[in-house]
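These notes concern the structure reproduced below.
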Amino acid sequence: MKVDYVEESSVRKALAFEVEPEKVQQEIDARARELARRVKLPGFRPGKVPLEVIKKRFKDEILGEAAEAIVNKVVFDELDGRGLKPLAPPKVEEVKLEEGQPMSFKAVFETLPLVELPDWKGLRVSARGPKVTDEDVLKEIDRLREEAARYDPVSEERETRASDFVLLDLVWKPEGGGKGGRDENALIEIGNAGNHKDMNAGLEGMRLGETRDIVVAWGEEAAPQIAGKTVHYNVTLKGIKKKVVPERDDEFAKDLGEFDSLAALSDKVRQQLQAAEERRSDREVKGALVEALVAKAGFEVPEALVERHMSARTETLARGLAYQGIDPRKVGVDWRQYRESTREDSVKAARADILLDEIARREAVEVRDAELDAEIARIADRSGRSRAEVRAQMTKEGDLATLASRIREEKTLDLLKSNASIELT
């Protein structure tokens, strides 16, 4: 067998094969014999069909199976023998196969490029530093107050009006057909800016037990399933409620169960906000450092890595929509176009992956068992499962290696940060 190795670019390689006729013939004959045992043809007893008849009758199928078998045997052996590590299975091109002739084909694949690592120490970046103000603390406490609000029934018999919270049963259906829906015991604030103005107007002036039809013409900015549609709502008023928000005082803090005063609650909120701000600032700094590092490197990026990032970004958006109860297939998004729109960012992300991996390799950044165990423990605590359960599931699904890679990357980013010049604004 003759094999030529071709470097088509810094990342794109090819192996050109020419397989001797004898080996080709052996594979063709083997496929023909196997097929002869299985097929039934008129005029022949099962298993007694002559090979020449089989070869003539099923030529394309036999040659295709023979070619696939030869490719699978020789390509991966050759890659292993040469120490080549493709980023994805090779693509087989220019296949030529005829009985009695040599078989020729080319296996094209991508590998990681040889990276000339730019000077990554001393990178200069700026980012917004962690900062928590008294106003931030008050906003968070007020958010907690809103969460703790109760909704008391309105005792007087009257019509609904703006600022009321109304308890409704709703049935809706798009005009002209389409899938509708039903919602029982929906609580809606009349006049809320998040409501359509026609809905707010339609809900005013209702009395308990009353049923009313409300027509809403939604604009394109509405949720995807109703955007641009006219929807007919049938609403039944079941209750009128008023929202009662607890005062910002010691009693409210005590009601939360773990604080003896508003001051203690404020201190805890400030600590939590500060920790969140520090995480946010850390992410921004590391993001800026990666951008600065990528800007200093200009090597070719394998398309296979770019494709992975493009797919991941597209899948993330689709999963996000599905999580909101929106069918990604029905939102009017051209997914191929969206996927392609992520190419530039995906190229940068793939280049960053290569650079960070090279830094980690040269600096011998490794993940210790204790670090992996600690991360598994954090995942277990967040999910309410035992560490053994989390580890068993991750082992079964092959996610431990992914987790280790993520820890290794984060340690590399910490190394990058510790050697950088950072200005916090």
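The values are calculated or read from the model by the stated rules, or taken from the named source; none is laboratory data. Here the structure is a predicted model, which means the values were calculated and not measured. FYI the Cβ positions are ideal-geometry reconstructions off the backbone, even for glycines, and counts take in every protein chain you see. Surface accessibility is based on the protein's heavy atoms, side chains included, excluding ligands, DNA and RNA. Shrake-Rupley method; radii C 1.70, N 1.55, O 1.52, S 1.80 Å.
Using a 1.4 Å probe on the protein chains only, how many percent of the accessible area of segment 196-241 belongs to carbon and sulfur? Kindly include the intermediate steps, with their values, before the conclusion.
Values: 1240 of 2400 Å².
Here carbon and sulfur together make up 52 percent of the probe-accessible area.
For D282, what accessible surface area do you get with a 1.4 Å probe? Give it in Å², rounded to 10.
40
Nearest 10 degrees is fine. How inclined is helix 369-383 to the longest principal axis of the chain, computing both from alpha carbons?
50
Return the equivalent ellipsoid semi-axes of the chain as a descending list in whole Å, where each equals the square root of 5 times an eigenvalue of the C-alpha gyration tensor.
With the √(5λ) rule applied to the chain, the semi-axes are 60, 37, 21 Å.
Can you compute log10 of I(q)/I(0) for segment 294-425 with the Debye formula, treating each Cα as one identical point scatterer, at q = 0.09, 0.19 Å⁻¹?
The Cα Debye sum returns log10 ratios of -0.40, -1.18.
Could you rank I422, I226 by how accessible they are, 1.4 Å probe, largest area first?
I422, I226
Report the one residue of Q324, L355, G384 whose Cα lies farthest in the direction of the positive end of the charge dipole of segment 324-425 (charges on C-beta: Lys and Arg +1, Asp and Glu -1; origin at the Cα centre).
About the Cα centre, the residue reaching furthest to the positive side is Q324.
Report in % the part of the accessible area of segment 17-151 that belongs to carbon and sulfur, leaving out ligands and nucleic acids; probe 1.4 Å.
Solvent-exposed carbon and sulfur of segment 17-151 make up 48 percent of the total.
Computing the accessible area with a 1.4 Å probe over protein heavy atoms, can you report the carbon and sulfur percentage for segment 289-414?
C and S atoms contribute 49 percent here.
What do you get for the angle between helix 303-323 and the principal long axis of the chain? Use alpha-carbon atoms, 0 to 90 degrees, nearest ten.
Roughly 30 degrees between the two axes.
Where only protein heavy atoms count, and the probe is 1.4 Å, what is the accessible area per residue for segment 278-420 in Å²?
Value returned for segment 278-420: 62 Å² of accessible area per residue.
Quick one: which of 249-260, 351-362, 288-299 comes out on top by average Cβ neighbours within 10 Å, and what's the full order, highest first?
Result, highest mean Cβ count within 10 Å first: 351-362, 288-299, 249-260.
Would you work out the charge dipole size for segment 152-303 about its Cα centre, treating the Cβ of every Lys and Arg as +1 and the Cβ of every Asp and Glu as -1, and quote it to the nearest 20 debye? Walk me through the numbers before you get to the answer.
On the way: 22 positive and 31 negative charges, 74 e Å.
With only Lys, Arg, Asp and Glu charged at Cβ, the dipole is about 360 debye.
Output the relative contact order of the chain, whole-number percent, from Cα pairs under 8 angstrom with separation of 6+ residues. List each step's numbers first, then the result.
Working: 569 pairs, mean separation 71.7, N = 425.
Relative contact order for the chain comes out at 17 percent.
If you count only protein heavy atoms with a 1.4 Å probe, what accessible area per residue comes out for segment 172-262, rounded to a whole Å²? Present the calculation step by step, with values, prior to reporting the outcome.
Details: 5550 Å² over 91 residues.
It amounts to 61 Å² per residue over segment 172-262.
Taking Cα centroids, how far is segment 245-275 from segment 360-413 in Å?
Cα centroid to Cα centroid, the span is 34 Å.
Given the peptides 34-45, 125-136, 235-246, arrange them by the average over their residues of other C-beta atoms within 10 Å, most packed first.
Most protected by this proxy first, the peptides run 235-246, 125-136, 34-45.
Counting DSSP beta bridges with both partners in the chain, what percentage is antiparallel, nearest 5? Walk me through the numbers on the way to the answer.
On the way: 46 of 50 bridges.
The answer is about 90 percent antiparallel.
Lys/Arg Cβ at +1, Asp/Glu Cβ at -1, dipole of the chain taken about the Cα centre: which of V108, V367, G298 is farthest positive-ward?
Most positive-ward Cα: V108.
So, for segment 1-51, what is the accessible surface per residue at a probe of 1.4 Å, expressed in square angstrom?
Details: 3180 Å² over 51 residues.
Solvent-accessible surface per residue comes out at 62 Å².
Which shape class applies to segment 172-298: rounded if a/c is under 1.5, otherwise prolate when a/b exceeds b/c and oblate if not, where a ≥ b ≥ c are the square roots of the Cα gyration tensor eigenvalues?
Oblate, since a/c reaches 1.5 and b/c is not below a/b.
In degrees from 0 to 90, rounded to the nearest 10, what is the angle of the helix 400-418 Cα long axis to the longest principal axis of the chain?
70
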